[in-house]
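Right, one structure below, let's go through it.
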């Protein structure tokens, strides 16, 4: 926070940060998705591949709105389908870190937070609650 009580003095704060927080996602086919994250907890087992599940395919029940599960909203994911997997969650409007909490509560081991075309390639590194990375839409 920057403030100034005198109206004739200019106060300047940094509008950008000169640091990156890379968190690349390596897929089973060998491809790499460039991502970012500020997760600082225990990492997933190096070299071990974990199954992926799209959150839309992990809805708690058939009456659940697919839109809610795609955004990893509270109580939207079925623990039987998510347990032990990395969940693909759409960025959307609900808080990004809260999505990870939902995945973790459902038994997921990680999260890939992906942008849609409307989000483009803009990435925000968050301090997630489980291993997670934000990736672009490409």
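Against the list (1) within 20 Å of residue 25 (Cβ to Cβ); (2) modelled with pLDDT of 95 or more; (3) touching a helix residue (DSSP H, G or I) at 6+ places or on another chain (Cβ under 9 Å), the condition residue 84 fails is (3).
Check every one of the helices (runs of 4 or more DSSP H) wholly within the range 27-136 and list those with 1 or more residues that are surrounded by fewer than 11 Cβ atoms within 10 Å (Cβ to Cβ). I'd like the intermediate steps shown before the answer.
Values: elements: 66-70, 79-82, 96-105.
Answer list for the range 27-136: 79-82.
The residues of the range 66-81 that are over 18 Å from residue 93 (Cβ atoms) and without any contact (Cβ under 8 Å) to a residue 12 or more places away in the chain amount to a single one, 80. Count of the range 49-65 residues, restricted to those that are free of Cβ contacts under 8 Å to residues at least 60 places away in the same chain and closer than 21 Å to residue 135 by Cα, is 8.
The values are calculated or read from the model by the stated rules, or taken from the named source; none is laboratory data. Source: prediction; values computed, not measured. Virtual Cβ from ideal backbone geometry, glycine too; neighbours counted across all protein chains shown.
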